[in-house]
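Structure record follows, encoded as structure tokens.
The values are calculated or read from the model by the stated rules, or taken from the named source; none is laboratory data. Here the structure is a predicted model, which is why all the values come from computation and not from measurement. With ideal geometry, Cβ positions are generated from the backbone for all residues, glycine too; neighbour counts draw on all protein chains shown. To get the accessible areas, we keep the full protein, side chains included, count just its heavy atoms, and leave off ligands, DNA and RNA. Shrake-Rupley method; radii C 1.70, N 1.55, O 1.52, S 1.80 Å.
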Amino acid sequence: MSKKNKPARVKARLPRGFVDRNAADLCAVNEMTAKISDVFERYGFDAIETPMFEYTDALGKFLPDADRPNEGVFSLTDDDDQWMSLRYDLTAPLARHVAENINEIHLPYRTYRAGYVFRNEKPGPGRFRQFMQMDADSVGAPGVQADAEMCMMLADVMEAVGIKRGDYVVRVNNRKVLDGVMEAIGLGGDENAGRRLTVLRAIDKLDRLGIDGVQQLLGKGRKDDSGDITKGAELNDEQIERLLANFQMKTQQNSMVNTIMKYHADEGELEGLTEEEVELLWHGAYAAGTMALLQGESEVDEIPGLRELVDIWTLIEAAGYNDGRIRIDPSCVRGLEYYTGPVYECELTFPVTNEKGEEVVFGSVAGGGRYDGLVERFTGQKVPATGFSIGVSRLMTALKNLDKLEQSKAVAPVLVTIMDHDRIGDYMLLTKKLRDGLNPRDENGDYLGPPIPVEMYQGNPKKFGNQLKYADRRGCPIAIIQGSDEFAAGEVQIKDLIEGARLAANIEDNETWRESRSAQVSVPAADMVATVKAMLKKEGAGN
RNA sequence: GCAGCUGUAGCUCAGUCGGUUAGAGCGCCUGAUUGUGGAUCAGGAGGUCGGUGGUUCAAUUCCUCCCAGCUGUACCA
């Protein structure tokens, strides 16, 4: 065929931001989700599942001005011209599910779900356009005890998947207090909504950009490594200073506690708090958040949300989770607008090394909060709810990079090779006998042990060498060989490929190598299963 | 979206100060070996040099625009 007539071939390419997963990946994901589900179920959460597609309006992702969905969601029109979208999180579909079944559902409704979500945005290292989340939510649970429970369960989940105590922290905050702080520095009112959001986002970047970066973002703006400039919130120096005071607590702890105690005495607003409680509060660093209010010029009548935060902390303390597993932290803001009160997220605190061997700040692997308004969008009635999402894919990468993930490598099969092409049927029978023998069952038909895979070579059997090559590359521990000689004698050759590879290291001449038929024994067909079993045991594959 | 960098074989990358037939390593295929993996040796397949337009006698090389990828940044429900 001439070059000109060469047909245009389709280029095989994975859409960017998506990944293929191999057996080992799937195995690891299944193991991890099983561990997480286990914790959820022990807390009394039931599994449910909602579809990957939803009507776009139910997800709340229509653009306000145009009659089309937000670009961040993968969307298409149904055959009746309705916009549909792939879900971008598991919370919006839950709200839809609750609203639609509100009459059948008994509140409080405690559920969890796992599934892939999709976001049509630029992928980056560790960021994909399809990834797995696991959510747990308490719907119809108005009290802070529900929020406290969520934080504790989050901590339990981390330990269940193998992250040691001290290697993670659940940080808690309350949006109402943040709002108060911003009001105190003159960012109240609807006209400042945009700037408040900018401020929140800047604070959210504290762990990544550091205090200097946040300072720049709050003021004139920040220039990144590529020379690009990010616009800032244009706050003045005093406002910035008072905001940042919240986060530079280590140096100011004492004065902070004093301030709070003084406030306590003067106003009686924090009545019921002991000094110890205030210190705990401080340790959680929230006290700092009040400073801006306390030092503000306007009279402060109340500190919204602070009582809630203290109550959460009290519950956490009562349950014994105040040992560093859970902390109160003023820089925990969560970008989302729909949160109405307590917010929380879980961060890994150990250094994570990426593929290039660089140490990176991994950031949060789970987050959530209280969203009292989400179901109301559908039904008009307020249904208080709180819950969180775990980024399963992210959590997995973190564990993988750390080698904390035990590699549950899929066991490679024992390979039955084909020597005589006209006796395929015999080889199939041989394969079945071996498979049954290695995978015994009890009287109920249940398997007694983990699977020990056995397969017959399915490629082109013309060249026998290729069959062993295949076995070698698959990592097969054992190959079964039965030519006409063995068949006539009622025997099979059993070749230990692992031992053979070991012996090969000392042989340079191919002639010798082939003739030695290393690590290979001939046994009566009746002894095949027992011999293979013994060999597998010796090589530590299977059991 | 904004900014910077990069596009040459399946992969990793050389190279051409603009000049005849564009290279290497690895991988792949065939054979030495129709009944034995690795190593070795011999041979082979595989390229619109990301695309378009321009400058030129001549462009993979220089210039324009476009596309894609990477990195940072923004957005992230």
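For the range A:414-539, a crude dipole built from +1 on the beta carbon of Lys and Arg and -1 on the beta carbon of Asp and Glu, taken about the Cα centre, is about 340 debye to the nearest 20.
Per residue, how large is the accessible surface of the range A:17-170? Use a 1.4 angstrom probe and give square angstrom.
On the way: 7330 Å² over 154 residues.
Roughly 48 Å² per residue, with all protein chains present.
With R₀ set to 25 Å, the beta-carbon distance separating A:Arg13 from A:Arg474 gives a calculated FRET efficiency near 0.45.
As a rough guide to protection, the peptides A:204-212, A:343-351 ranked by mean Cβ packing within 10 Å, highest first, stand as A:343-351, A:204-212. Full extension of the chain between A:Ser484 and A:Thr230 yields a length gain of 83.8 nm, computed as 0.36 nm times the residue separation minus the alpha carbon distance. Each peptide among A:25-36, A:472-483, A:168-179, A:136-147 gets the average number of other Cβ atoms lying within 10 Å of its residues, and from highest to lowest they stand as A:168-179, A:136-147, A:472-483, A:25-36.
For a Förster distance of 51 Å, can you work out the FRET efficiency between the beta-carbons of A:Gln520 and A:Asp323, rounded to the nearest 0.05? Present the calculation step by step, with values, prior to reporting the outcome.
Details: r = 59 Å, r/R0 = 1.15.
After rounding, the FRET efficiency stands at 0.30.
Send over a whole-number figure in Å² for the accessible area per residue of the range A:414-539, probe 1.4 Å. Write down the numbers at each step before the final one.
On the way: 7510 Å² over 126 residues.
I get 60 Å² per residue for the range A:414-539.
Less than 11 Å Cβ to Cβ from A:Val365, Lys/Arg counted +1 and Asp/Glu -1: what total charge do the surrounding residues give?
Working: positive: A:Arg394; negative: A:Glu345, A:Glu347.
Result for the neighbourhood of A:Val365: -1.
State, to one decimal in nm², a quarter of the convex hull surface area for the C-alpha atoms of the range A:414-539, i.e. the direction-averaged projected area. Walk me through the numbers on the way to the answer.
Values: hull surface 33.2 nm².
Mean orientational projected area (the range A:414-539, Cα hull): 8.3 nm².
Computed over the range A:414-539, relative contact order equals 26 percent, with contacts defined as Cα pairs under 8 Å that lie 6+ residues apart. Summing +1 for each Lys or Arg and -1 for each Asp or Glu, what net charge is found among the other residues whose Cβ lies under 11 Å from the Cβ of A:Glu234? With Lys, Arg at +1 and Asp, Glu at -1, the net is +3. Computed over protein heavy atoms with a 1.4 Å probe, the carbon and sulfur contribution to the accessible area of the range A:414-539 reaches 51%.
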